[in-house]
Amino acid sequence: DRHGAAAGLTQGWHLSHTTRQNIRNSELAPLGMRAWQIKDELRQGARKPYKELIDVSSADPHRAGVKPLSFVRQVLAVCYYPQLAKSDKLPADVRQRAQRLLGTCAGGSAGSYCPAGGIPEIIDIVCEFISRRDDGVPSYPENIFITSGAQRAFVEILNILVNTLRSPITGVLTPCPSYPPGNMAVVMLGGAVVPYYLDEEQGWELKIDELHRALESAKGVCDPTVLYVINPGNPTGHVQSRKSIEEVIRFASEKRLFLMVDEVYQDSVFEQESRFVSYKKVLAEMGPPLSHTVEMASFHSVSKGFIGECGLRGGYVELVNVDPSVMRNLYTLMSRDASTTTGQLALDLMINPPQPGDPSYPLTAITLHISDLRVLEVLNSLPGISCQPVKGGGYALPRLHLPPGAIQKAKEVGMLPDYFYCSRLLEETELCVGAGSENGQRESTYHIRYRQSSDEVLRRLTSFHIQFMKDFS
Amino acid sequence: MSQEGMNGVPHRGKVLTVDNMNPNVKRVEYAVRGPIVQRAVQIEKELKEGVKKPFTEVIKANIGDAHAMGQKPITFLRQVLALCSYPELLNDNKFPEDAKNRAQRILQACGGHSIGAYSASQGIECIRQDVSRYIEKRDGGIPSNPDNIFLSAGASDAITTMLKLQVSGEGRNRTGVMIPIPQYPLYSAALADLGGIQINYYLDEDRCWALDVTELRRAVTAARQHCNPRVLCIINPGNPTGQVQSRQCIEDVIRFAKEEHLFLMADEVYQDNVYAEGCKFHSFKKVLFEMGPEYSSTVEMASFHSTSKCYMGECGFRGGYMEVINLDPEVKAQLIKLVSVRLCPPVTGQALLDLVVNPPQPDEPSYTTFIKERTAVLAALAEKARLTEEVFNTVPGIRCNPVQGAMYTFPCITLPQKAISQAKEKGLAPDMFYCMKLLEEMGICLVPGSGFGQREGTHHFRMTILPPTEKLKIMLDKIREFHQKFTQEFS
């Protein structure tokens, strides 16, 4: 085949995707594209059932209408255009923070390259943040890389792990449902995705038995080397208990797997009982030998959490127990392409927000959470739709129990059943939600995925769903 | 969990070791931020801690970072970025109307009207349209299709993506990629990472780093013995060499690419950095189309641009784009998938790029200041280019080609045999040995020529011409002094 990664991507994507049969080439984001189209049509005055398109298919809060935090944007504005510091229209802590941040940039400009690995002063602050979060477990600057979004670090570390010159190829155990770009990265690099199914009936829990089964299934197919975990779950909203995390760590150690832990939703945990605890903290508290041997990479980002700045591209990875020679190679890999200064600045602002006493404190709370119990009650009361409790993360992932008529109709028009549902929903109510097929799901189950932000979303979804079930029963 | 405990465990027990990791990773080097820079950073730390040295600061002339060296950002660009970041400022009458209009237009195109929302992975559509218009204007009206524009995190991102798309095959069929020697080491690093075959073609130092098609032919013919040459990379204006290719040369290269069935990658990030009399930037696309449909409808090409260089120097914003020409539609579909894996380019970089391709017009309030600032930056660079060439050519043992464009000088240095031997004993490339000594004794950080590639037996260093003129003069004098001392010491 002519084109390397491209060929791998097509092949591997189809191999790893649980619904390979009917996916058309453009299917990566057809709903998204149609949503933009509808938005344009509305702008040009087209007559539709509703005057406004609502797109909650992505966990991107700003896209869904949530406003950015003033403090963050004010500091960035001053960093870009330091003249603004001269006026006192902006709060003192904004001006001070901008001054401090510009002091960490070469030439005092946000336009200069960041040092390889990240701005040292900000790396130090990341270390302090991690240590504070983990009740004193130390964090070391040489184990931290700040990158343009967690995804960049994720890809680079997978790059080191996936050895395409070996046979069989490197396998990566990945959750199902999962975060599609994570799986795509594995495939793009020539690795094999080995799905482990999260237990929907138990709130999308990660079961160790299932990890065992997945590992077994890889025998003779690939060489599993990596265990990819997302906590809080994306798109499931499950938050792992400490006990569960310990089990996973033990499993990784036993089976000699490198742990890659996506913790970008660590700030988005809604229930009191479901407190987020980091893999690193749990690992440290499990003591030697595990604490000294289990190799791990954990990821965080400014894209989610309470600042939700996806477009600014800021994130970091912390490595634990990684061989020093490998670290040196990782450093060289990371040094090839600088990360954006904006992302680094945003990271500082996220992990080091204004404190009590500062003029900008408290930050205007963004309601990013979707913990509206009422929504779950309503959905669970409707026929044909059910939803597990959402403990954290960015989405709700209700299950559709589609009547055979709907599934049949979907086949006739050449769409996957959940796509068909979402497509109808979009056309009839200008509400764009995501199809569960994108994230993966057990065979013959269907889901929708959305980032809830308002009563309007619930209203449109409910009225559509009731009608849809009537039409196809 | 002690740090030692974390990182001092014997290698034998590790899941991930240098022996079982992706073997390509071991071969990746990137001299611009390599060991010499790491040593420079260490020295800076020592200076901060009060350690006494023969100098009070390290001059980092290793990386093409204009702002780090004191170049001021362009006011208009930063005003619009501030407005995009904190739109409340749209009510502030200290900002000119044209800046506000640009900001509003960009924000309209962003999800939720915020630069914090993800954009489409190919980049914000109206910005791609603006890039197309810019290219059309630059190239005398030759049409550009926004669908062929891919915004990227700096040009590096797009270059790496295109190489990734094209490297495939096994054994003798493995993709070969032709790169200039000397080259910007992103190319060699990317090829090492991808396991692509690097095919070197040498630029002619004696003719001011000219690109010779006979040399291209030699390289590709030899390469066909052991790989499948599919890509030809050109950097124009050159990095580190600074040469600006003549129009004739570009035509010859295009003809060669068509004959040998090669995909052209034209790295044109320095297109505004042209200083020498008689030199002019010609875009590959323009020349391609002016050669008529026999070429313009068949030759496959990608050209790259960035907001990191030229007069903007906004390296930290990671703005850039590539335009693809005559790409097979199926390949393009795969390219679209590939770029979606990294989600989207930084939106602030996209916004910045929009301003670069859509700068203030003569009838707009910011125009005068904008032109003044832009002219000043480019004029200063031109003067520094001239000064650098002049001073270096007064030093016996340093031979410096004219810096026709870009931001670097890549002089040839003559090293005494004794120095070469001592370097070899230490396991260092001779020019690395030279540069390390320069760093330790003078506090000047350059990158040795071995990091870029050079003809066997020759030695060079790459120095940026970015420090402010006064500092540059001092730096040039110090290098002159050092070279003479070095030559004497090892004679």
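The values are calculated or read from the model by the stated rules, or taken from the named source; none is laboratory data. None of the values given here were measured: they were computed from a predicted structure. Cβ atoms come from the backbone with ideal geometry, glycine included; neighbour counts cover every protein chain shown.
Structure values in brief
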read-out: Residues within the stretch A:331-342 that are among the small types (Gly, Ala, Ser) and either within 7 Å of chain B (Cβ to nearest Cβ) or out of contact with any helix residue (DSSP H, G or I) (no Cβ under 8 Å at 6 or more places or on another chain) (or both), tallied; value: 2
read-out: Test for residue B:348: is it assigned to a loop (DSSP other than H, G, I, E, B), among the β-branched types (Val, Ile, Thr), assigned by the TED database to the domain that holds residue B:254 and over 19 Å from residue B:138 (Cβ atoms); value: no
read-out: Residue B:361, sole failed condition from (1) within 14 Å of chain A (Cβ to nearest Cβ); (2) of a type in the set (S, T, N, Q); (3) closer than 26 Å to residue B:282 by Cβ; value: (1)
read-out: Subset tally (residues that are aliphatic (A, V, I, L, M) and more than 29 Å from residue A:60 (Cα to Cα)) for the stretch A:296-332; value: 5
read-out: Which numbered condition residue A:250 fails, given (1) at pLDDT 95 or above; (2) within 19 Å of the chain's Cα centre (by Cα); value: (2)
read-out: Failed condition for residue A:154, given (1) at pLDDT 95 or above; (2) more than 9 Å from chain B (Cβ to nearest Cβ); (3) closer than 28 Å to residue B:70 by Cβ; value: (3)
read-out: Long-range neighbours under 9 Å by Cβ, at least six apart or interchain, first residue within 14 Å of residue B:288 (Cα to Cα) within the stretch B:133-147, second β-branched (Val, Ile, Thr) and not in a helix (DSSP H, G or I); value: B:135/B:142; B:135/B:149; B:136/B:142
read-out: Answer residue from the stretch B:289-331, given it is at pLDDT 95 or above and among the charged types (D, E, K, R) and is nearest to residue B:177 (Cα to Cα) among those; value: B:300
read-out: Top-ranked residue of the stretch B:93-107 - restricted to ones that are surrounded by fewer than 16 Cβ atoms within 10 Å (Cβ to Cβ) and either under 17 Å from residue B:317 (Cβ atoms) or at pLDDT below 95 (or both), ranked as farthest from the other protein chains (Cβ to nearest Cβ); value: B:93
read-out: Sole exception among (1) surrounded by 24 or more Cβ atoms within 10 Å (Cβ to Cβ); (2) more than 30 Å from residue A:446 (Cα to Cα) for residue A:159, by number; value: (1)
read-out: Whichever residue in the stretch A:301-346 is polar (S, T, N, Q) and surrounded by fewer than 24 Cβ atoms within 10 Å (Cβ to Cβ) and, among such residues, is nearest to residue A:283 (Cα to Cα); value: A:325
read-out: Residues of the stretch A:52-86 classified as more than 8 Å from chain B (Cβ to nearest Cβ) and hydroxyl-bearing (Ser, Thr, Tyr), total; value: 1
read-out: Failed item, numbered, when residue A:159 is tested on (1) closer than 18 Å to residue A:348 by Cβ; (2) within 28 Å of the chain's Cα centre (by Cα); value: (1)
read-out: Qualifying positions in the stretch A:443-452 - surrounded by fewer than 24 Cβ atoms within 10 Å (Cβ to Cβ), at pLDDT below 95 and closer than 16 Å to residue A:387 by Cβ; value: A:452
read-out: Residue within the stretch A:124-141 that is β-branched (Val, Ile, Thr) and more than 13 Å from chain B (Cβ to nearest Cβ) present; value: yes
read-out: Count - residues of the stretch B:286-310 that are crowded, with 21+ Cβ neighbours inside 10 Å, under 22 Å from residue B:243 (Cβ atoms) and not hydrophobic (A, V, I, L, M, F, W, C); value: 5
read-out: Helices (runs of 4 or more DSSP H) wholly inside the stretch A:351-441 containing at least 2 residues that are at pLDDT 95 or above and either touching a strand residue (DSSP E or B) at 6+ places or on another chain (Cβ under 7 Å) or not acidic (Asp, Glu) (or both); value: A:404-412, A:417-429
read-out: Hey, residue B:241 surrounded by fewer than 23 Cβ atoms within 10 Å (Cβ to Cβ) and either in a loop (DSSP other than H, G, I, E, B) or not basic (Lys, Arg) (or both) or not; value: no
read-out: Search result, residues across the stretch B:91-118 that are of a type outside the set (A, V, I, L, M) and not in a helix (DSSP H, G or I); value: B:92, B:93, B:94, B:95, B:96, B:110, B:114, B:116, B:118
read-out: Failed criterion for residue B:125 (all others in (1) within 14 Å of chain A (Cβ to nearest Cβ); (2) closer than 26 Å to residue A:70 by Cα; (3) surrounded by fewer than 20 Cβ atoms within 10 Å (Cβ to Cβ) hold); value: (2)
read-out: Subset of the stretch B:196-217 [touching an Asp or Glu at 6+ places or on another chain (Cβ under 9 Å) and not in a strand (DSSP E or B)]; value: B:203, B:211, B:212, B:213, B:215, B:216, B:217
read-out: Pair list, Cβ < 7 Å and 6+ apart or interchain, from the stretch B:67-84 residues that are closer than 11 Å to residue B:468 by Cα and more than 7 Å from chain A (Cβ to nearest Cβ) to residues that are of a type outside the set (D, E, K, R) and not in a helix (DSSP H, G or I); value: B:71/B:313; B:71/B:466
read-out: Filter result for the condition that a residue is of a type outside the set (Phe, Trp, Tyr) and within 14 Å of chain A (Cβ to nearest Cβ), over B:130, B:139, B:147; value: B:147
read-out: Identity of the residue in the stretch B:273-326, within 24 Å of residue B:344 (Cβ to Cβ) and of a type in the set (S, T, N, Q), that ends up farthest from the other protein chains (Cβ to nearest Cβ); value: B:303
read-out: Residue count, the stretch A:290-330 (criterion: part of a helix (DSSP H, G or I), in contact (Cβ under 8 Å) with a residue 12 or more places away in the chain and either charged (D, E, K, R) or facing chain B (nearest Cβ under 9 Å) (or both)); value: 9
read-out: Residue B:201 of a type in the set (Phe, Trp, Tyr) and touching a residue at least 24 places away in the same chain (Cβ under 8 Å); value: no
read-out: Unmet criterion (only one of (1) in a loop (DSSP other than H, G, I, E, B); (2) surrounded by fewer than 23 Cβ atoms within 10 Å (Cβ to Cβ); (3) within 13 Å of another protein chain (Cβ to nearest Cβ)) for residue A:168; value: (3)
read-out: Some residue of the stretch B:438-459 being crowded, with 23+ Cβ neighbours inside 10 Å, out of contact with any strand residue (DSSP E or B) (no Cβ under 8 Å at 6 or more places or on another chain) and under 26 Å from residue B:203 (Cβ atoms); value: no
read-out: Residue check for residue B:424: part of a helix (DSSP H, G or I), over 27 Å from residue B:47 (Cα atoms) and either of a type outside the set (Phe, Trp, Tyr) or not assigned by the TED database to the domain that holds residue B:390 (or both); value: yes
